[in-house]
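Here's the structure, in structure tokens; my notes come after.
The values are calculated or read from the model by the stated rules, or taken from the named source; none is laboratory data. Model, not experiment: these values are computed from the prediction. Positions of Cβ are backbone-derived with ideal geometry, glycine not excepted, and every protein chain shown enters the neighbour counts.
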Amino acid sequence: MIVVRAPLRVSFVGGGTDLPSFYRKRKGQVLSATIDKYVYVVINRTPMLHQVSARYSISETVPHPKELQHTRIKEALLDLGIEKGLEIASFATLPSRTGLGSSSSFSVALLKGLHAYQDKKIDAHDLGAAASRLEIDLVGEPIGKQDQYASALGGFNIIQFHADESVKSESLLLDFETRLKFEDHLLLFYTGITRDASSVLKKQSQVSSEEEKFRTLSDMADSVPEFKDRLLGGDIKGVGHMLHEGWMRKKSLVGNISNGAIDALYDEGIRSGAWGGKVLGAGGGGCLLFVVSPDKKKELAVRLGRVAAKEGLSDYQVVPFHFVQSGAQVLYNGDHFHKEILN
């Protein structure tokens, strides 16, 4: 048995510039960090059963991967030439469609596990590339590449996307004190509103070729170095203001990035003293992040809870989290363990 986990991520600035409609014209870049919320994938060898099983929200057992309904598992197995004799199960610490990149974290964990299953090693950067290829080229999702690389790499990173399809990353080495200070000024909320990121990103990709939208995305990409400098310098209030500016820019791109309930929550957050914030992920639902003085966090949570109740968001809740430095990891490889014993 092989157990793998891949972290979810919080994207701060530059989101949307990882789409090909933008980075094929000029360099895209994002700044993000991974958190202690994970997608887990378990792979179990079943050599006596000439089938493939997948356990997620439903259970599937088929004679060949091509018959699987789960597109990511199907395409990954077909691409790696794995046809039978295993079962794959997945679990997560948060619901799907939260805006924290869980779908891509699943792809990263899946491919990390399947490479271990085949006794192959893959480094973090190549893993990000493989997960991007799986989702974009093989499955055909109209999404970007930031989530795959963020989950594979782990930690705080600036990830850059180039016209030749190459991706480069720069790790940000925050000292322990700065990282804790940043964490202490953040509040993360799950709105309870779920949305399909692909539908939001598809519309964004379609409009990003327009001159005004392209300038907006360019401004979002150009904000990454300043955000980096403010973060490393401990200017948390300045970071909050930049998130607010970025959210306002993002809302101007496509109408379905926000909605009445999200606007009500965000506006209340700003009225309650938050310096800034954003909806995480493609938009339309998922999680809200605010930057706020620690002495105002409790009151902010209470006020937002009232707004959520008024909007009928019964699944709304605060999500405590910490930043983590590790990307995708094999937590347990029983096959490798048994081989060492036999040797």
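Of the residues examined, residue 100 is one that is touching a Cys at 6+ places or on another chain (Cβ under 9 Å) and either part of a loop (DSSP other than H, G, I, E, B) or modelled with pLDDT of 95 or more (or both). Of 8, 78, which residue is under 26 Å from residue 99 (Cβ atoms) and either part of a loop (DSSP other than H, G, I, E, B) or of a type in the set (A, V, I, L, M) (or both)? Unique residue meeting the criteria: 8. Scanning segment 131-172 for residues that are in a helix (DSSP H, G or I) and of a type in the set (Gly, Ala, Ser) gives 131, 132, 150, 151, 152. Is there a residue being in contact with a strand residue (DSSP E or B) (Cβ under 9 Å, 6 or more places away or on another chain), closer than 30 Å to residue 179 by Cα and either hydrophobic (A, V, I, L, M, F, W, C) or at pLDDT below 95 (or both) anywhere in segment 67-79? The answer is no, given that none of the residues of segment 67-79 is in contact with a strand residue (DSSP E or B) (Cβ under 9 Å, 6 or more places away or on another chain), closer than 30 Å to residue 179 by Cα and either hydrophobic (A, V, I, L, M, F, W, C) or at pLDDT below 95 (or both). For segment 18-60, what are the residues that are modelled with pLDDT under 95, closer than 21 Å to residue 150 by Cα and of a type in the set (S, T, N, Q)? Across segment 18-60, the qualifying residue is only 21.
Residue 37: basic (Lys, Arg) and either touching a Leu at 6+ places or on another chain (Cβ under 8 Å) or part of a strand (DSSP E or B) (or both), yes or no? Considered against the rule, which asks whether it is basic (Lys, Arg) and either touching a Leu at 6+ places or on another chain (Cβ under 8 Å) or part of a strand (DSSP E or B) (or both), residue 37 comes out as yes. Any idea which residue in segment 80-97 is surrounded by the fewest Cβ atoms within 10 Å (Cβ to Cβ), counting only those that are at pLDDT 95 or above and among the β-branched types (Val, Ile, Thr)? It comes out as 82. For segment 174-184, the set of residues classified as in contact with a Phe, Trp or Tyr (Cβ under 8 Å, 6 or more places away or on another chain) and either over 24 Å from residue 296 (Cβ atoms) or not in a helix (DSSP H, G or I) (or both) consists of 174 only. Note on segment 132-187: among residues that are of a type in the set (A, V, I, L, M), modelled with pLDDT under 95 and over 20 Å from residue 109 (Cα atoms), the one that is surrounded by the fewest Cβ atoms within 10 Å (Cβ to Cβ) is 173. Exactly one of these conditions fails for residue 206: (1) loosely packed, with under 15 Cβ neighbours inside 10 Å; (2) at pLDDT 95 or above; (3) in a helix (DSSP H, G or I). Give me its number. With (1) loosely packed, with under 15 Cβ neighbours inside 10 Å; (2) at pLDDT 95 or above; (3) in a helix (DSSP H, G or I) applied to residue 206, the lone miss is (2).
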